[in-house]
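Written below as structure tokens is the structure these notes are about.
What follows draws every value from the coordinates through simple rules; no lab data is involved. Just so it is clear, the structure is predicted and the values come from calculations on it, not from any experiment. Virtual Cβ from ideal backbone geometry, glycine too; neighbours counted across all protein chains shown.
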Amino acid sequence: MNMPANSTFLKEMGITEWTLRDASPNTSQAIVAAEESGSQALNAVNETMVANETTSTTEAKVRVSYGIWWFFGSKPQGEAEVLFQNTIRVLGLTPQEWTWKSPLETFNPELLPQDGTPIVALAFGGPAAQKLSGERDGLAELRETVLAMSADGAEDLPLIATFEFNQLLASPKNKALFWQDLLLAKSVLQNT
């Protein structure tokens, strides 16, 4: 089966396809060839990767953005802010790719990107998720579901409910669930 067909099937099943962050098309082609023809192609993969590493150190890397992240909730402070900054770093987001918003702000549809860049919204805490989605269920029921924002003009924006950072600090066992929420948001963003 060829790679585009695999990608199509994975996308239809809602599975995020993982790729090397710094992979060039040559590397991907060499890996596919390695699967098909064995050790000779494996040597080609190694040579291609060494060549790519050499060129990447001399050339500026071009970073591809997958979309914009909107974070809603009480702005974290202190240790919660450190956890938030670590989350931003792990997601690999630049300052232009995310913004912090209050769930009480009136939504302005003119703020949507005109170039069609996808957006995913994360609501930190039950009250923020309820306010943005119009749902009445608690956070436990709203998590692990792709919700829709209830604001006029934002009905098509996916919304993911997750824990507040202070909740994560108070109960570290929820960090694994928080990570699942981030992966869901990333998957939604990449598949839109």
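List pairs: first in the range 101-124 and within 18 Å of L139 (Cα to Cα) and in contact (Cβ under 8 Å) with a residue 40 or more places away in the chain, second of a type in the set (S, T, N, Q) and outside any loop (DSSP other than H, G, I, E, B), Cβ under 8 Å, 6+ apart or cross-chain? Pairs found: L122/T162; A123/S133; A123/T162; F124/T162.
Cβ separations smaller than 6 Å between residues 6+ apart or across chains give the following pairs from the range 166-192 residues that are touching a residue at least 40 places away in the same chain (Cβ under 8 Å) to residues that are of a type in the set (G, A, S) and outside any helix (DSSP H, G or I): L189/G67.
If you go through the range 81-138 and keep only what is touching a helix residue (DSSP H, G or I) at 6+ places or on another chain (Cβ under 6 Å) and either at positive phi or aromatic (F, W, Y) (or both), you end up with just F84. State yes or no: is T192 in contact with a helix residue (DSSP H, G or I) (Cβ under 6 Å, 6 or more places away or on another chain), of a type in the set (S, T, Y) and surrounded by 15 or more Cβ atoms within 10 Å (Cβ to Cβ)? No; evaluated as a whole, the condition is false for this residue. Do the conditions hold for A129, that is, is it in a helix (DSSP H, G or I), within 19 Å of the chain's Cα centre (by Cα) and surrounded by 14 or more Cβ atoms within 10 Å (Cβ to Cβ)? It is true that A129 is in a helix (DSSP H, G or I), within 19 Å of the chain's Cα centre (by Cα) and surrounded by 14 or more Cβ atoms within 10 Å (Cβ to Cβ). The single residue among K75, K131 that is under 21 Å from K175 (Cβ atoms) and either of a type in the set (K, R) or out of contact with any strand residue (DSSP E or B) (no Cβ under 8 Å at 6 or more places or on another chain) (or both) turns out to be K75. So how many residues does the range 140-168 have that are surrounded by fewer than 17 Cβ atoms within 10 Å (Cβ to Cβ), under 18 Å from the mean Cα position of the chain (by Cα) and not in a loop (DSSP other than H, G, I, E, B)? Adding up the residues that qualify gives 2.
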